[in-house]
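Quick notes on the structure that follows.
The values are calculated or read from the model by the stated rules, or taken from the named source; none is laboratory data. Everything numeric in this text was worked out from a predicted model, so none of it was measured. FYI the Cβ positions are ideal-geometry reconstructions off the backbone, even for glycines, and counts take in every protein chain you see. Note: accessible area is taken over every heavy atom of the protein model, side chains too, but ligands, DNA and RNA are not part of it. Shrake-Rupley method; radii C 1.70, N 1.55, O 1.52, S 1.80 Å.
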Amino acid sequence: QVQLVESGGGLVQAGGSLRLSCAASGSIASINAMGWYRQAPGKQRELVATITSGGGTNYAVSVKDRFTISRDNAKNTVYLQMNTLKPEDTAVYYCNAAGTYWDYLNRRYFEVWGQGTLITVSS
């Protein structure tokens, strides 16, 4: 099937930058949308940014102009460059991908989530 492995989280001071990576592996036939979501303590998971296979992007208002999502289709990897981080960006960040995979000779749909990576922004 398909798995996602995230990397790049950690502790950063307000105003700093971090870059997250998320690599998909498995019997992938195609990946349509990839994206990043986050969940702060006591809050619901929310969309941060998404990107289509053609490069179309969508951002949450709260991160627009500070975060940049990109992807390398050849590597099945999505990135999130986060600049000017604020304490309110503190959350567990999850990668998400949807597409199709090979199940023997059958092509099936998938949607998977990464394990999550914690980002803590100190004031």
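When Val61, Val92 are checked against the criterion of being outside any strand (DSSP E or B) and either at negative phi or in contact with a helix residue (DSSP H, G or I) (Cβ under 8 Å, 6 or more places away or on another chain) (or both), a single residue qualifies: Val61.
Among all positions in the stretch 78-88, there is at least one residue which is assigned to a loop (DSSP other than H, G, I, E, B), open to solvent by 40 Å² or more (accessible area, probe 1.4 Å) and among the basic types (Lys, Arg). Any residue that is on the phi > 0 side of the Ramachandran plot and either at pLDDT below 95 or out of contact with any strand residue (DSSP E or B) (no Cβ under 8 Å at 6 or more places or on another chain) (or both) - is there at least one of those in the stretch 35-43? Yes, the stretch 35-43 has at least one match.
Filtering the stretch 1-44 down to residues that are among the hydrophobic types (A, V, I, L, M, F, W, C) and assigned to a loop (DSSP other than H, G, I, E, B), which residue is most open to solvent (accessible area, probe 1.4 Å)? My answer is Ala14. For Leu47, the stated conditions hold: it is open to solvent by 50 Å² or more (accessible area, probe 1.4 Å), in a strand (DSSP E or B) and of a type outside the set (Gly, Ala, Ser). Selection of the stretch 89-116 for residues being of a type in the set (D, E, K, R), open to solvent by less than 80 Å² (accessible area, probe 1.4 Å) and modelled with pLDDT of 95 or more yields only Asp89. Scanning the stretch 50-74 for residues being within 15 Å of Ser7 (Cα to Cα) and exposed (fewer than 14 other Cβ atoms within 10 Å of the Cβ) gives a total of 0. The set of residues from the stretch 40-68 being farther than 21 Å from Gly99 by Cα and acidic (Asp, Glu) comprises just one member, Asp65.
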